[in-house]
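Novice: Got a structure here, written out as structure tokens. Questions coming.
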Amino acid sequence: MMKVLTVLGARPQFIKAAAVSRVLRRFHQEVIVHTGQHYDENMSAVFFQELNIPLPDYNLGVGSGSHGRQTGRMLAEVEEIIVKEQPDWVLVYGDTNSTVAGALAAVKLHVPVLHVESGLRSFNRRMPEEINRVVTDSISTILACPTATAVRNLSEEGFTNLFSNGDLANIGAAIPSVTPERPLVVNTGDVMYDAVLYNLEIARRRQLPPEIHFGDDYILATVHRAENTDVPENLEGVFRGLASMGRKVILPLHPRTRKKAAGFRLERLLESPSLHAIEPVGYLEMLLLMDNASLIITDSGGVQKEAFILGKPCITLRDETEWLETVEAGWNVLAGLGGRKLTMYHDFLPPEGPRPAPYGDGRAGQRIAALLV
């Protein structure tokens, strides 16, 4: 039995990590560190119980701050835990400051790192997430890619040790030996696909609270990225665009977005008859809202992909996306920051015929656990 230390910092990472933990804990000991990078009041005891997510063993409570200050504090505190726990592997997810801090702390102590969601690229170095992705990939020993596109990105960056030529890994296949000098790139499929399949069944057994049940034909929208919320013209453009869609729009309002709207004196735009701004909802409620929506508008990377998995057309309020497969398949379009091109897609519909399956088969968690044996 090996000891694996998992470093997480935000609610979506816990949801993804649960798909791996359910398999990993059958064979290994797992120690979970929650950096507390994002405070989320929805992460109550009920959140962990309902979604069958292991509770963290450490909660650092780092909180918000500048990128350097936040990352530096996490780096120091995770390092102390690694020294204490002496794990065989450190497991990190995605592209947050917690991701890069966990990976840096590990490699400095000569502990190998497995990075889940490796190889994603928006090719926009102004995004802090893009920097975190590139840095974490460059120091990881195993790079677990969610898609063939992610494998191709890494190959083009000079990674040559591709398991099974980058095809979806065969569960049970012999894993070649790896070293920090020769990291292994593996197409494991996407852990979020696992998470959606698992949690959608739980969500469908629930009912939405009456105050957020708006009938059958509605658009679900989310906006939280700094590029949209921190620029008054962009936030105003998003609100006006949503109000002009000609259909009912449900907007669970992120606290950051609500604060910026107040600061820019844009609250009046949220009073449009067709725009229903509601309080943030939990993960299961969000899955239900997505599952019943006719269209999704978002600037979130995760929501883009969940929309595709759920078979919902998506309009993305960004100029680029790390989930190119959704755009190439015709299920996602880019409307630009501030929703510059949102009015072009009032009647956006996905192509007819079956959706492709770029995110694997819903068994990414099994593949990632097998990599650590």
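The values are calculated or read from the model by the stated rules, or taken from the named source; none is laboratory data. This structure is a prediction, so every number in the text was calculated from the model and none was measured. So basically every Cβ, Gly included, is an ideal-geometry build from the backbone, and we count neighbours across all protein chains shown.
Novice: Right, Glu285: of a type outside the set (S, T, N, Q), more than 30 Å from Ser164 (Cβ to Cβ) and modelled with pLDDT under 95 or not?
Specialist: In short, yes.
Novice: Follow-up. On the given criteria, is Tyr58 aromatic (Phe, Trp, Tyr) and at pLDDT below 85?
Specialist: No, not satisfied.
Novice: I need the strands (runs of 3 or more DSSP E) fully contained in region 285-373, keeping only those with at least 1 residues that are buried (at least 23 other Cβ atoms within 10 Å of the Cβ) and without any contact (Cβ under 8 Å) to a residue 40 or more places away in the chain.
Specialist: Of the strands (runs of 3 or more DSSP E) lying wholly inside region 285-373, those with at least 1 residues that are buried (at least 23 other Cβ atoms within 10 Å of the Cβ) and without any contact (Cβ under 8 Å) to a residue 40 or more places away in the chain span 314-316, 332-334.
Novice: Here is a follow-up. Before we move on, is Thr6 crowded, with 21+ Cβ neighbours inside 10 Å, of a type in the set (Ser, Thr, Tyr) and in a helix (DSSP H, G or I)?
Specialist: no
Novice: Conditions: (1) touching a strand residue (DSSP E or B) at 6+ places or on another chain (Cβ under 9 Å); (2) in a helix (DSSP H, G or I). Leu55 meets all but one. Number of the miss?
Specialist: Every listed condition holds for Leu55 apart from (2).
Novice: Also, I was wondering about something else. If I ask for residues that are crowded, with 24+ Cβ neighbours inside 10 Å, within 26 Å of Glu227 (Cβ to Cβ) and polar (S, T, N, Q), which ones from region 135-151 would you list?
Specialist: Scanning region 135-151 gives Thr136, Thr147.
A quick yes/no check of all residues on (1) crowded, with 24+ Cβ neighbours inside 10 Å; (2) of a type in the set (A, V, I, L, M); (3) over 13 Å from the mean Cα position of the chain (by Cα); (4) farther than 22 Å from Ser64 by Cβ:
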site: Val90; (1), (2), (3), (4): yes, yes, yes, yes
site: Thr96; (1), (2), (3), (4): yes, no, no, no
site: Ala101; (1), (2), (3), (4): yes, yes, yes, no
site: Ala105; (1), (2), (3), (4): yes, yes, yes, no
site: Val111; (1), (2), (3), (4): no, yes, yes, yes
site: His115; (1), (2), (3), (4): yes, no, yes, yes
site: Arg126; (1), (2), (3), (4): no, no, yes, no
site: Glu129; (1), (2), (3), (4): no, no, no, no
site: Arg133; (1), (2), (3), (4): yes, no, no, no
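Novice: While we're on this one: If I filter region 72-94 for residues that are of a type in the set (S, T, N, Q) and modelled with pLDDT of 95 or more, do I get at least one hit?
Specialist: The answer is yes, given that some residue of region 72-94 is of a type in the set (S, T, N, Q) and modelled with pLDDT of 95 or more.
Novice: Does region 265-288 contain any residue that is over 19 Å from the mean Cα position of the chain (by Cα) and among the aromatic types (Phe, Trp, Tyr)? Break it down into steps so the answer makes sense when it comes.
Specialist: Step one: filter region 265-288 for residues over 19 Å from the mean Cα position of the chain (by Cα), giving 265-279.
Still in the list and also among the aromatic types (Phe, Trp, Tyr): none.
No, region 265-288 has no match at all.
Novice: Being at pLDDT below 95 and part of a helix (DSSP H, G or I) is the requirement here; does Arg240 meet it?
Specialist: Values: at pLDDT below 95: no; part of a helix (DSSP H, G or I): yes.
Here the answer is no, as Arg240 does not meet what is asked.
Novice: Hey, could you check region 165-175 for residues that are free of Cβ contacts under 8 Å to residues at least 24 places away in the same chain and surrounded by fewer than 11 Cβ atoms within 10 Å (Cβ to Cβ) and say which is farthest from Pro146 (Cα to Cα)? Spell out the reasoning first.
Specialist: Going through region 165-175, the residues free of Cβ contacts under 8 Å to residues at least 24 places away in the same chain turn out to be 165-167, 170, 173-174.
When the remaining residues are screened for being surrounded by fewer than 11 Cβ atoms within 10 Å (Cβ to Cβ), the result is 165, 174.
Details: Asn165: 14, Ala174: 20 Å.
This residue is Ala174.
Novice: Kindly check whether there is at least one residue in region 314-331 that is at pLDDT 95 or above, touching a helix residue (DSSP H, G or I) at 6+ places or on another chain (Cβ under 7 Å), among the hydroxyl-bearing types (Ser, Thr, Tyr) and within 22 Å of Leu168 (Cβ to Cβ).
Specialist: For region 314-331, residues at pLDDT 95 or above, touching a helix residue (DSSP H, G or I) at 6+ places or on another chain (Cβ under 7 Å), among the hydroxyl-bearing types (Ser, Thr, Tyr) and within 22 Å of Leu168 (Cβ to Cβ): present.
Novice: Of the residues in region 243-269, how many are of a type outside the set (Lys, Arg) and not in a loop (DSSP other than H, G, I, E, B)?
Specialist: Total satisfying the criteria: 12.
Novice: Please work out which residue is modelled with the highest pLDDT, limiting yourself to region 25-50 and to residues that are of a type in the set (D, E, K, R) and under 19 Å from Asp88 (Cα atoms).
Specialist: So, considering only residues that are of a type in the set (D, E, K, R) and under 19 Å from Asp88 (Cα atoms), the one modelled with the highest pLDDT is Glu30.
Novice: Could you please find all residues in region 222-266 being farther than 24 Å from Ala293 by Cα and aliphatic (A, V, I, L, M)?
Specialist: Ala226, Val231, Ala261, Ala262, Leu266
Novice: Can you tell me which residue in region 54-88 is surrounded by the fewest Cβ atoms within 10 Å (Cβ to Cβ), limited to those that are within 11 Å of Gln37 (Cβ to Cβ) and of a type in the set (Ser, Thr, Tyr)?
Specialist: Ser64
Novice: Yes or no: region 341-364 includes at least one residue that is β-branched (Val, Ile, Thr), modelled with pLDDT of 95 or more and touching a helix residue (DSSP H, G or I) at 6+ places or on another chain (Cβ under 8 Å).
Specialist: There is no residue in region 341-364 that is β-branched (Val, Ile, Thr), modelled with pLDDT of 95 or more and touching a helix residue (DSSP H, G or I) at 6+ places or on another chain (Cβ under 8 Å).
Novice: Restricting region 201-233 to residues that are aliphatic (A, V, I, L, M) and part of a helix (DSSP H, G or I), which is surrounded by the most Cβ atoms within 10 Å (Cβ to Cβ)?
Specialist: Among residues in region 201-233 that are aliphatic (A, V, I, L, M) and part of a helix (DSSP H, G or I), the one surrounded by the most Cβ atoms within 10 Å (Cβ to Cβ) is Ala203.
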